[in-house]
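So the structure is just underneath, and the comments pick up after that.
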Amino acid sequence: MNKLFLNIEDFYAALQNGEFDEPLALAAKLQTLSDAAWLEVERLYQPSLLIEP
């Protein structure tokens with residue numbers, strides 16, 4: 001299984017267990033998952049056009 005999906009499952013289990021009492025800790029974990037998801041999208045769907053500045 002994909003590492004990102006495993007991280008999401010781990011996060012969901014921790015959330016259900018009440019491990020995120022601090023909003024800042026929850027926000028940080030969600031940001032980490034979001035960043036990882038975008039990196040996965042970029043890896044899977046590489047641009048078909050090369051745009052050079």
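Evaluating 6.51 cos²θ - 1.76 cosθ + 1.60 at θ = phi - 60° for every residue in the stretch 33-43, the Karplus couplings come out as 5, 4, 4, 5, 5, 5, 4, 5, 4, 5, 5 Hz, glycine and proline recorded as x.
Between 0 and 90 degrees, the angle of helix 3-16 with respect to the longest Cα principal axis of the chain falls at about 30 degrees.
Which value at 222 nm does the chain reach when only helices count, each DSSP H run of 4 or more adding -39,500 (n - 2.57), with the total divided by all residues and rounded to the nearest 500 deg cm²/dmol? Provide the component values of the computation, followed by the final result.
Details: 2 runs with 36 residues, N = 53.
The helix contribution divided over the chain gives -23000 deg cm²/dmol.
Taken over the Cα atoms of the chain, the convex hull encloses 79 Å³ per residue.
Since every read-out is calculated from the coordinates, none of them should be taken as a lab result. None of these values were measured; they are calculated from a predicted model.
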